[in-house]
Every structure is written in structure tokens, then in C-alpha cells.
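The values are calculated or read from the model by the stated rules, or taken from the named source; none is laboratory data. Being a predicted model, the structure only gives us computed values, none of them experimental. Cβ placement follows ideal geometry from the backbone for every residue including glycine, while neighbour counts extend to all protein chains displayed.
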Amino acid sequence: MTSAVASKICSTRLGRGLALSLAAAGLALAAPAKAEDLIVKYDQSQLLRLPRPAAEIIIGNPSIADVSVQSGNLLVVTGKTFGITNIIALDAERNVIWDERVLVRRDEAKVVNLQRGTLRQSFNCTPQCNPQIVIGDEAAYFNAIKSASETKIGFSERSSDANSQASGQ
């Protein structure tokens, strides 16, 4: 639901009642990202340059995003699954030098979703459409693509090992 639609719904008496009911049930209308949120795409990385070197990095939920330090003040933030978490960077005196929410979203560019009722299959179309493993896809499709990918990786690793042994490495 877009924020414009959510705002329009909440401006009516029925909408306010719905919003209160959702809040009482522990649910909320989707809030738009704040301007200062770091948006990272699923399975992609984003560079984050801190104002000064960090001594410690804290990630609210490391299953959503991962951070690696490239230098004292250059971080690589990788989106691991969809969701919202945060990153806190501390200096050597344990002062906060960075505290920001991280939103991991799906990259919609050149992605085609085949929707069959509630079941979804994702394809990456760059330039032709090939299956893509995305959390939330139909389980049978996801597992079939995962299995095919693992088999291909296995072929590549065995071929690479054979070539290394043949060359005496």
C-alpha cells in the first residue's frame, strides 16, 4: 500500500477505525522510508563511508544485512534478506559516529514475476529471462532452481579441481 493511499484511508472515519483496529492487533500500515534510511537491494551491496574510522560495528539483525569493513571508515553493507534493521558504528572511545536504519528491498529492475494465484516465480530478464531464486517464491519452484544452481556449482568446482590437479597445483 502506498503512503498516499494509506494517508487517504486514515483521513476517513472508517480509515481511522481500520488503522486503530490494525494497531490494536499489532499491525501497521506501511510507513514510507525516511530520507536518512540506507536502502540496500536484496543480494546486493552498498558502500557506506563514515565520517571517521569505526572501532566497532553493531548490526541490529545480521540475518537481514551484513557489514564488512574495507578500511576504518568504508563499510560494505550487503542485503541478505528482506526487512529492516540498523547499523551503529562506534569509535575507539565508544562514541556513536553512525546510527542508521537499513531497509533491504527487492531490486525490481528487469525482474519479471509470474503470479499464479498466491504462488510466485521470479525471473531475471537481462536480456533474456532466466529463473532467479528469491525468498517468497513458490516453494517447489524455489527448491528446483536452488537444486539446479547447486548442481551447476558442483560441476564447476569439480572441473576446477580436476584442472588444478592436472596442472600439478
Worksheet item: Taking into account only those residues within the stretch 70-84 that are farther than 10 Å from residue 43 by Cα and outside any loop (DSSP other than H, G, I, E, B), which is nearest to the chain's Cα centre (by Cα)?
Response: 83
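Matching residues to (1) part of a loop (DSSP other than H, G, I, E, B); (2) out of contact with any Ser or Thr (no Cβ under 9 Å at 6 or more places or on another chain); (3) modelled with pLDDT under 95:
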{"residue": "5", "(1), (2), (3)": "no, yes, yes"}
{"residue": "8", "(1), (2), (3)": "no, yes, yes"}
{"residue": "31", "(1), (2), (3)": "yes, no, yes"}
{"residue": "86", "(1), (2), (3)": "no, yes, no"}
Worksheet item: Exactly one of (1) under 20 Å from the mean Cα position of the chain (by Cα); (2) in the same structural domain as residue 55 (by TED's automatic domain parsing) is unmet by residue 142. Its number?
Response: (2)
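A quick yes/no check of all residues on (1) more than 18 Å from residue 39 (Cα to Cα); (2) modelled with pLDDT of 90 or more; (3) not small (Gly, Ala, Ser):
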residue	(1), (2), (3)
59	no, yes, yes
68	no, yes, no
73	yes, yes, yes
91	yes, yes, yes
94	yes, yes, yes
100	no, yes, yes
127	yes, no, yes
139	yes, yes, no
153	yes, no, yes
Worksheet, complete the sentence: Condition set of a type outside the set (Asp, Glu) and in contact (Cβ under 8 Å) with a residue 60 or more places away in the chain, scope the stretch 70-118, selection nearest to residue 136 (Cα to Cα): answer is 106
Worksheet item: So residue 106 clears everything in (1) modelled with pLDDT of 95 or more; (2) within 15 Å of the chain's Cα centre (by Cα) except one condition, right? Which one?
Response: (1)
Response to the item:
The strands (runs of 3 or more DSSP E) lying wholly within the stretch 88-143 that contain at least 1 residues that are polar (S, T, N, Q) are 111-116, 119-125, 129-132
